[in-house]
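The values are calculated or read from the model by the stated rules, or taken from the named source; none is laboratory data. Just so we're clear, the structure is a prediction, and the values are computed from it rather than from any experiment. Cβ sites come from the backbone with ideal geometry, for glycine too, and all protein chains shown count toward neighbours. Protein only, heavy atoms only, side chains kept; ligands, DNA and RNA dropped before computing areas. Shrake-Rupley method; radii C 1.70, N 1.55, O 1.52, S 1.80 Å.
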Amino acid sequence: MTTARPFDQRPCLQILFGLAMFAVYLASQFSSVWVLQHVLSDAAFAALIQGYGFAVILAPSLLLMLAGFWAWRRWFSSEPRLLGRFTGGDVARGIGLVLLVQGLAAAISVWLDMAPEAFMASLYDGRSLLQNVIMAACVLVWAPIIEELAFRHFLMARVDHQTRGWRVALLIVFSALCFAGLHMIQYHHLLTFVALFGWGLVLGYYRWRTKGLLLPMLLHALVSGIGLVGALF
């Protein structure tokens with residue numbers, strides 16, 4: 001016997017809550033920086049961001065997204081589940097698609113003789129070993145949790161209840177566009193946008209296919225890991 005949730009039969013409220021939580025995610029990405037900028041001296045703020053910028057920006061978002069997911073499960077729906085339902089074949093195909101997007105982007109970049117993104121070229125600069133380890137942990141663990149909840153759950157709040165393929169496709173494409181577009185704050189090449197959009201489609205598809213968040217999070221971590229390794233060279 002399952003306990004009825006107070007808003008489990010109100011799609012409009014589910015969608016509004018999802019959009020509100022996505023707005024909370026966006027606000028949290030900027031508000032922590034804004035607050036610290038006004039509390040600390042310029043030198044202290046610059047040193048903090050240089051050394052622990054990822055942790056400073058992501059920590060509030062992580063807490064808020066987890067709290068929002070708890071509220072969703074309590075008030076709205078038991079879907080999506082964290083683990084979902086996927087097979088070894090889903091994992092293999094997901095990894096293959098992520099690597100395909102990366103391989104195509106890398107080949108086009110070499111063909112066009114493109115300079116690396118400035119953000120990635122300076123990713124490790126000025127950080128100690130400990131700071132780089134913390135940054136890597138944030139990028140590989142925190143960011144996939146936060147962004148999959150924000151982009152593939154709250155922004156696609158009703159995807160598990162869609163019965164028509166075009167509606168699912170529309171949600172996946174919309175989420176991928178937002179995912180790529182918002183990341184372009186720190187990137188500049190059109191090719192990067194296209195690659196991020198491609199990865200967003202893969203992550204959105206496996207979010208819908210598995211009815212869960214774990215596989216998209218793991219594939220997201222793979223994308224992030226590729227970026228971390230690539231920034232070393």
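The single condition among (1) within 20 Å of VAL141 (Cβ to Cβ); (2) modelled with pLDDT of 95 or more; (3) among the small types (Gly, Ala, Ser) that GLY227 does not meet is (2).
Might you let me know whether the stretch 209-223 holds any residue that is assigned to a loop (DSSP other than H, G, I, E, B), touching a residue at least 12 places away in the same chain (Cβ under 8 Å) and open to solvent by 10 Å² or more (accessible area, probe 1.4 Å)? Yes, that holds for at least one residue. Note on the stretch 83-137: residues that are within 13 Å of GLY227 (Cβ to Cβ), open to solvent by less than 50 Å² (accessible area, probe 1.4 Å) and under 20 Å from the mean Cα position of the chain (by Cα) amount to 8. Look at ARG152 and say whether it is touching a Pro at 6+ places or on another chain (Cβ under 6 Å), in contact (Cβ under 8 Å) with a residue 24 or more places away in the chain and either farther than 16 Å from ILE57 by Cβ or of a type in the set (D, E, K, R) (or both). Taking the combined requirement at face value, the residue satisfies it. The single residue among ALA92, ALA115, ALA105 that is of a type in the set (A, V, I, L, M, F, W, C) and in a loop (DSSP other than H, G, I, E, B) turns out to be ALA115.
Condition check ((1) under 17 Å from VAL141 (Cβ atoms); (2) aromatic (Phe, Trp, Tyr); (3) open to solvent by 60 Å² or more (accessible area, probe 1.4 Å)) across all residues:
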| residue | (1), (2), (3) |
| --- | --- |
| ALA20 | no, no, no |
| VAL24 | no, no, no |
| PHE30 | no, yes, yes |
| VAL33 | no, no, no |
| VAL39 | no, no, yes |
| ALA46 | no, no, no |
| TYR52 | yes, yes, yes |
